[in-house]
Amino acid sequence: MNPRLTAFAETLDEAVLNRRAVPRLTDTAPLDVAEAYEVQRAVIERRRARGEALIGVKMGFTSRAKMVQMGVDDVIWGLLTDAMLIESHLDTAGLIHPRIEPEIAFLLDRPVRTPADAVAAIGGIAVGYEVLDSRYEGFSFTLADVVADNASASGFGLGPWHRPKDVGNVGMLLEIDGRAVASGSSAAILGDPLRSLNAAARLACAAGIELQPGWVVLAGAATAAVPLPSGAHVRVSAAGLGHVEVTTR
Amino acid sequence: MTERHQAAAARLLEAYASGRPCEPVRDLIDGVDDAYAVQNLVTERWLSQGRRLAGRKIGLTSKAVQRQLGVDSPDFGMLFADMAVPDGEEIPVGAVLQPRAEAEVALVLDRDLTHERHTVADVIRAAAFALPAIEIVGSRVRDWDITLADTVADNASSGMYVLGNRPVSLRDVDLRMAGMVIERRGDQVSSGIGAACLGHPLHAAVWLADTLVRLGRPLQAGDTVLTGALGPVVPVAPGDVLEARIDGLGDVRAAFAAEKSAEEEV
């Protein structure tokens, strides 16, 4: 691998370990999006070398507003490892500047060998949340920067799995300490989270990664991300899917 | 004072008549009560012309819009029967000045709401059923350059409205968690949730019922109440067809005619 890209991967991985934001990679050297995905993969390889296992993928830029803001016309994706799964508590002291957003999650129960397999592979659907924690100063980045940084992925939590059903337009609510701080519809996710799942399959197949049975696909957020405070109780609900909660320290 | 109100009403009525937006009217209005007085002058004019009052619309129900206008309360305007468009029927170019669309929950009442203070229970008892709706808001004020006073005087920026055709009982729908999406040619152009309307569309209806009693024209059996937008407003262009879906309520369409043909423009 290009030593420039290896150095980028090391920078981002150490930013996580040291809980310290770093300057944007693109401010220090050139980086295109294809290279950025190589950096993303290298960061995950470093995590796997420490014993973490891949358990899914996450989709980013799934809202029209975000695509316009970033000047892109396609989604991006990142990789999820088992160490990112949050049970019911999260210590925010381990994070740089965390944000949280409500998500729809799909559980796969068979391998996705071609993009056409994706919908038939759905074994379960849940409400979830994602904790984002850009490794960049000021949560500010270009497209290549955020792709290299695993689409800002930090952690995620999942509510109870439900049998496959239509989640194209369900209301979603993010409450902090009992007060609604963000709300929207799952339709904000590309018009229907299923489209995001299909995009995940397309991008994974193109990258030569086979989505595996048991993997989770975080389809994207129904609202903009909000800052995640410490000492807070957060609940994310979706109509017909129940809710998931996390308490921060 | 009343002369200034008359002047504001005349400015707005001229915009309706000419099809050309007018300057703001806030220079002629001192506060929100004044603005409702202007709205009422226009309403009285229309009632005297034989237009039938069919209900009310509630506006400024989202936190984001309230912040934008620097207010902490919703507002309301009059719905006349001739502002209602059947589902999917073409809305002529120019029927609404500077049109924009938003998806809402409509309540249709079968009891009057005449108490000084209403509860959610009063509103639930009075609501015969709910319908999905698209409100086509518009502004008689040039470039939507509005303050609270301008929009209140201008009938809360009402234009036309489209109601769905399948009534749903409030016992069968969770309006707080109901998702909302508007699509144009398969693209999602707005999305939201019932809770985005003052926490719950019924809360907006309670506010309206109380406010109308105070102002002397209470809600009556048969009235339609458009309770407020569930998500961001969508700009519309000639030829657009918008489909709104509200989870649990169904779907409804607003179809805008393409530009006028040459012979129509004579």
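Roughly what would the spin-label model give for residue B:220 and residue A:68, points 7 Å off Cα along C-beta, in nm?
4.3 nm
With a cut-off of at most 16 other beta carbons within 10 Å, and DSSP calling the residue loop, which GluC sites (Glu not before Pro) in the range A:129-235 qualify? Please list them.
In loop regions of the range A:129-235 (DSSP not H, G, I, E or B), the sparsely surrounded GluC sites (Glu not before Pro) are A:210.
Taking the range A:156-248, which trypsin sites (Lys or Arg not before Pro) meet the DSSP loop condition and have no more than 14 other C-beta atoms within 10 Å?
Counting only loop positions with at most 14 other Cβ atoms within 10 Å, the trypsin sites (Lys or Arg not before Pro) in the range A:156-248 are A:165.
Report ³J(HN,Hα) in whole Hz for each residue of the range B:101-118, in order, from the Karplus equation J = 6.51 cos²θ - 1.76 cosθ + 1.60 where θ = phi - 60°; Gly and Pro get x.
Taking θ as phi minus 60°, the curve returns 10, 8, 9, 9, 8, 9, 10, 10, 8, 10, 9, 6, 10, 10, 6, 5, 10, 9 Hz for the range B:101-118.
Could you pull out the trypsin sites (Lys or Arg not before Pro) across the range A:34-103 that fall in loop regions by DSSP (anything but H, G, I, E, B) with no more than 16 other Cβ atoms inside 10 Å?
Values: sites: A:41, A:46, A:47, A:48, A:50, A:58, A:64, A:66, A:99; in loops: A:50.
In loop regions of the range A:34-103 (DSSP not H, G, I, E or B), the sparsely surrounded trypsin sites (Lys or Arg not before Pro) are A:50.
Which of A:70, B:180, A:1, B:83 has the fewest other C-beta atoms within 10 Å, and how do the rest follow up to the most?
If I rank by nearby Cβ atoms, fewest first, I get A:1, A:70, B:83, B:180.
Of all DSSP beta bridges in the protein assembly as shown, what percent run antiparallel (nearest 5)?
Close to 85 percent.
Averaged over B:181-188, how many beta carbons belonging to a partner chain fall within 10 Å of each residue's beta carbon?
So the per-residue partner count for this stretch is 4.
Taking GluC sites (Glu not before Pro) that fall in a DSSP loop and have at most 14 other Cβ atoms within 10 Å as cut points, what is the longest piece of chain B between them?
Of all site-free stretches, the longest is B:117-258.
Under a point-charge model restricted to the Cβ atoms of Lys and Arg (+1) and Asp and Glu (-1), what is the dipole moment magnitude of the range A:3-248 relative to its Cα centre, in debye to the nearest 20?
Dipole magnitude for the range A:3-248 comes out near 260 debye.
Within a Cβ distance under 11 Å of residue B:185, other residues only, what is the Lys/Arg minus Asp/Glu net charge? Please list the in-between numbers first.
Values: positive: B:184; negative: B:183, B:187, B:240, B:243.
Charge balance near residue B:185 sits at -3.
Considering the Cα trace of the range A:41-197, what is its radius of gyration and what is Dmax, both in angstroms?
So, for the range A:41-197, Rg and Dmax equal 15.6, 43 Å respectively.
List the residues of the range A:76-115 whose backbone N lies under 13 Å from a point placed 7 Å from the Cα of residue A:245 along the Cα-to-Cβ direction.
The answer is A:88-89, whose backbone nitrogens lie closer than 13 Å to the label point.
Mind putting a number on the dipole of the range B:52-265 about its Cα centre? Charges go on the C-beta only, +1 for Lys and Arg and -1 for Asp and Glu, and I need it in Debye to the nearest 20.
700 debye
Once you place label points 7 Å from the Cα toward the Cβ at residue A:232 and residue B:255, how far apart are they in nm?
4.6 nm
What residues qualify as long-range amide H neighbours of residue B:257, i.e. H under 5 Å apart, gap of 5 or more or another chain, H built at 1.01 Å from N?
Here the answer is B:91, B:93, B:239, since their amide H atoms fall under 5 Å of that of residue B:257.
Run the simple label-point estimate for residue B:13 and residue B:65 please: 7 Å along Cα→C-beta, distance reported in nm.
2.7 nm
Need one value for A:170-176: mean number of C-beta atoms belonging to other chains within 10 Å of its residues' C-beta atoms.
Partner Cβ neighbours, averaged per residue: 5.
Based on other C-beta atoms within 10 Å, arrange A:16, B:137 from fewest to most.
Values: A:16 19, B:137 26.
The fewest-first ordering by Cβ neighbours comes to A:16, B:137.
For B:202, A:158, B:107, what ranking results if the residue with the fewest other Cβ atoms within 10 Å of its Cβ goes first?
Details: B:202 24, A:158 18, B:107 28.
Ordered by Cβ neighbours within 10 Å, fewest first: A:158, B:202, B:107.
Going from the alpha-carbon gyration tensor of the range B:41-164, what semi-axes, largest first and in whole Å, does one get by taking the root of 5 times each eigenvalue?
Values: eigenvalues 103, 75, 50 Å².
After diagonalising the Cα gyration tensor, the semi-axes are 23, 19, 16 Å.
From the residues B:136, B:123, B:147, which one has its Cα farthest along the dipole of the range B:112-164 in the positive direction, the dipole being from +1 and -1 charges on Cβ of Lys/Arg and Asp/Glu about the Cα centre?
Toward the positive end, the furthest listed residue is B:123.
Out of residues 5 or more away from residue A:162 or on other chains, whose amide H comes under 5 Å of its own, with H placed 1.01 Å from N in the peptide plane?
A:125, A:126
Let me confirm one metric for peptide B:193-203, namely the mean number of other chain beta-carbon atoms within 10 Å of its residues' beta-carbons.
Values: counts 16, 5, 6, 7, 0, 0, 2, 0, 0, 0, 0.
Taking the mean over all residues of the peptide, I get 3.
Which percent, to the nearest 5, of DSSP beta bridges fully inside the range B:23-177 are antiparallel?
90 percent
Between the range A:140-191 and the range A:95-110, how far is it from one alpha carbon centroid to the other, in angstrom?
When both Cα centres are located, 6 Å separates them.
Per-residue HN-Hα couplings for the range B:45-62, Karplus 6.51 cos²θ - 1.76 cosθ + 1.60 at θ = phi - 60°, whole Hz, x for Gly and Pro?
Once θ is set to phi - 60°, the couplings for the range B:45-62 become 4, 5, 4, 5, 7, x, 5, 9, 6, 10, x, 9, 10, 9, x, 6, 9, 9 Hz.
Would you mind counting up the charge near residue B:34? Only other residues with Cβ under 11 Å from its Cβ, with Lys and Arg at +1 and Asp and Glu at -1.
Charge balance near residue B:34 sits at 0.
Between residue A:182 and residues 5 or more places away or on another chain, which pairs have amide H atoms under 5 Å apart, with H built 1.01 Å from N, and which residues are they?
A:174
Can you list, bin by bin at 20 Å, the percent of alpha carbon pairs in the protein assembly as shown, starting at 0?
22, 47, 27, 5, 0
Could you work out the per residue convex hull volume over the alpha carbons of the range B:52-265, in cubic angstrom?
115 Å³
Return the calculated 222 nm mean residue ellipticity for chain B, to the nearest 500 deg cm²/dmol, obtained by summing -39500 (n - 2.57) across DSSP H runs with n ≥ 4 and dividing by the residue count.
Working: 6 runs with 69 residues, N = 266.
Computed ellipticity for chain B at 222 nm equals -8000 deg cm²/dmol.
No lab work stands behind these numbers, since they all come straight from the coordinates. In this text the structure is predicted, and so the values were computed from the model without any measurement. FYI the Cβ positions are ideal-geometry reconstructions off the backbone, even for glycines, and counts take in every protein chain you see.
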